[in-house]
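The values are calculated or read from the model by the stated rules, or taken from the named source; none is laboratory data. Only a predicted model underlies this, so the values are computations on that prediction, with no experimental measurement involved. All Cβ positions, even for glycine, are placed from backbone atoms using ideal geometry, and neighbour counts span all protein chains on display.
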Amino acid sequence: MAFKGDLDTLILGVLEGCELHGYEIARRIKQLSDTALAVGEGQLYPALHGLERDRLVTANWIPQDGKPPRKVYQLTDEGSAALAKKKLEWQHFAKGVGAILGLNMAVNHG
């Protein structure tokens, strides 16, 4: 099944429209999923490095007053396109699972 543990999609989703550092990415995944999904550093950073290698995200070092620079990530155009494709796949997947389980799944087309 293609969706088991699709951390890359979650990362791309929280990066849509903003740039975030690793800790904030993990925090937003947990927050937006109503604490259903938690991502540890051991999972997050290898996934971010893979997304960076695949040119779906870029990373920049941002200086901070009195602290070490912070690495922040943002979507590339390729990352935005990959996210749009994944959103459609997830909608199709959720609709199929809902039909099998007898759930009335409202699909957001926005």
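Structure notes:
- Residue in the stretch 41-60 that is charged (D, E, K, R), touching a residue at least 12 places away in the same chain (Cβ under 8 Å) and exposed (fewer than 13 other Cβ atoms within 10 Å of the Cβ) present: yes
- Filtered by the rule that a residue be of a type in the set (A, V, I, L, M) and either at positive phi or surrounded by 15 or more Cβ atoms within 10 Å (Cβ to Cβ) (or both), the stretch 15-35 gives LEU15, LEU20, ILE25, ALA26, ILE29.
- Any chance LEU12 is surrounded by 15 or more Cβ atoms within 10 Å (Cβ to Cβ) and within 15 Å of the chain's Cα centre (by Cα): yes
- Checked against (1) touching a residue at least 60 places away in the same chain (Cβ under 8 Å); (2) out of contact with any Asp or Glu (no Cβ under 8 Å at 6 or more places or on another chain); (3) of a type outside the set (S, T, N, Q), ALA36 meets all criteria but (1).
- So ALA38, is it surrounded by fewer than 16 Cβ atoms within 10 Å (Cβ to Cβ), more than 18 Å from ARG27 (Cβ to Cβ) and either more than 16 Å from the chain's Cα centre (by Cα) or of a type in the set (Gly, Ala, Ser) (or both): no
- Scanning the stretch 20-68 for residues that are acidic (Asp, Glu) and within 17 Å of SER80 (Cβ to Cβ) yields GLU52, ASP54.
- Residues located in the stretch 48-94, provided they are modelled with pLDDT under 95 and either β-branched (Val, Ile, Thr) or touching a helix residue (DSSP H, G or I) at 6+ places or on another chain (Cβ under 6 Å) (or both): ILE62, LYS86
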